[in-house]
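Please treat every number below as a calculation from the coordinates, not as lab data. Keep in mind that what you see is a predicted model, and the values were worked out from it rather than measured. No Cβ is skipped: glycine too gets one built from the backbone with ideal geometry, and neighbour counts run over all protein chains shown.
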Amino acid sequence: MLKKTIRLTLVDQVILQIESLIESGDWPVGKKIPAEPELVTDLHVSRNTLREGIKALCHTGVLTTRQGDGTYVTSSSMLGAAIQRRLRKSSLLDTLEVRNALEQEAARLSAERRTEEDLEKILYYQRKCNSFTAARDIESYVAADMKLHQTIVESTGNQMLIDLYAHITESIKESISTYLKKRFTEDLPENAHQQLVEAITAQDTATAANIVKQFIDQIKRDVEMEEN
């Protein structure tokens, strides 16, 4: 049975066009979008229609308007914005459990599917982590650690997993930073990285997933002890 064709309003069309620009990477997260006169011309709509579309995207969290400055992209999709809003309300333990689920599967799939090119990138960021560990540079370490895990996720080739992980990256980064800053004088997880990369290199799926589980379980135990 044929479904009735749904005619989009001009505002909906504006929203779809802006979402397309964001999802394609033409407007990445953090980018200031063009000024209103330029968008009115490019999208062939009135100022009121454009403003309604931008207002709707600001409401969902995809865009943010800064008074006196302009409008910026704050999420790559409505789903991402919704996930980020939810994560901001979540505890560190909740975030760690989500991270555990995603990164275990990512480690397993990476070990199974990674290419030699993927492995080179993974090894590159592992070396970065090691160098920042030696320098006791916590901020640079956290940034390199995130790139390492993002690269592992990307090597799975699972676009849904890649997108989902990208949406929660900021909260994961905050959880790593919060945990490690309290342990700045202790050893950073260099050994866990070494073991994980070795398992991915050897394409040992079970070991790769288990290393992630053990490491995050240890963080959870530490956090639970601090909260009790």
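Annotation note: trypsin sites (Lys or Arg not before Pro) in the stretch 1-73 located in DSSP loop regions with a Cβ neighbour count of at most 15 within 10 Å are Lys3, Lys4, Arg7, Lys31. Taking Cα atoms only, the orientation of helix 190-201 departs from the longest principal axis of the chain by about 80 degrees.
Every helix of 4 or more DSSP H residues in the chain counts as -39500 (n - 2.57), and over all residues that averages to -24000 deg cm²/dmol at 222 nm.
All other residues whose Cβ lies under 13 angstrom from that of Glu105 are scored, Lys and Arg at +1 and Asp and Glu at -1, for a net of +2.
In this label model, Glu117 and Glu139 are separated by 3.4 nm, measuring between points 7 Å along each Cα→Cβ vector. Within the straight-line cut-off of under 13 Å between alpha carbons, the aspartates and glutamates reachable from Lys31 are Glu23, Asp69, sequence neighbours fewer than 8 places apart in one chain being disregarded.
Between 0 and 90 degrees, the angle of helix 78-88 with respect to the longest Cα principal axis of the chain falls at about 50 degrees.
Here the scattering of the stretch 90-227 is modelled by Debye summation over its C-alpha atoms, one equal scatterer each and no solvent; at q = 0.09, 0.11, 0.17, 0.22 Å⁻¹ the log10 of I(q)/I(0) is -0.23, -0.35, -0.89, -1.52.
Do any trypsin sites (Lys or Arg not before Pro) in the stretch 105-169 lie in a DSSP loop with no more than 13 other beta carbon atoms within 10 Å, and if so, which? When the trypsin sites (Lys or Arg not before Pro) of the stretch 105-169 are filtered for loop state and at most 13 Cβ neighbours within 10 Å, Arg136 remain. In the elastic network of the chain, a GNM with C-alpha springs shorter than 10 Å, the most mobile of Met160, Met78, Met146 is Met160.
Computed from the C-beta positions of Gln159 and Lys213, the FRET efficiency with R₀ = 25 Å rounds to 0.55. Within a Cβ distance under 13 Å of Ala56, other residues only, what is the Lys/Arg minus Asp/Glu net charge? My count for the surroundings of Ala56 gives -1. Annotation: amide H of Thr71 within the under-5 Å range of Ile33, Arg66, sequence separation 5 or more or interchain, hydrogens built in the peptide plane. Mean separation of Cα pairs under 8 Å and 6 or more residues apart, divided by the residue count, gives the stretch 10-79 a relative contact order of 40 percent.
Once both labels are positioned 7 Å from their Cα atoms along Cα-to-Cβ, the gap between Lys55 and Asp12 label points is 1.9 nm. What's the angle, to the nearest 10 degrees (0 to 90), between helix 116-135's Cα axis and the longest principal axis of the chain? Once rounded, the angle reads 70 degrees.
Over all other residues within a Cβ to Cβ distance under 13 Å of Val73, the charged ones net out to 0, with Lys and Arg as +1 and Asp and Glu as -1.
When the Gaussian network model of the chain links Cα atoms closer than 10 Å, the mean-square fluctuations of His59, His167, His193 top out at His59. State whether the stretch 1-111 is rounded, prolate or oblate according to the following rule on the C-alpha gyration tensor (a ≥ b ≥ c being the square roots of its eigenvalues): a/c under 1.5 gives rounded; otherwise a/b larger than b/c gives prolate, and the remaining case gives oblate. In terms of gyration-tensor shape, prolate.
Between Arg66 and Glu224, residue separation times 0.36 nm minus the direct Cα-Cα distance comes to 53.1 nm. Our coupling estimate for the stretch 27-33, obtained by passing each phi through the Karplus curve with A = 6.51, B = -1.76, C = 1.60 and θ = phi - 60°, is 10, x, 4, x, 7, 7, 6 Hz, Gly and Pro reported as x. Sequence-ordered 3J(HN,Hα) estimates for the stretch 54-62 from the Karplus curve with 6.51, -1.76 and 1.60 and θ = phi - 60° stand at 5, 4, 5, 6, 5, 5, 7, x, 6 Hz, glycine and proline given as x.
Label zone (Lys173, point 7 Å along Cα-to-C-beta; backbone nitrogen cut-off 15 Å) within the stretch 119-146: 138-146.
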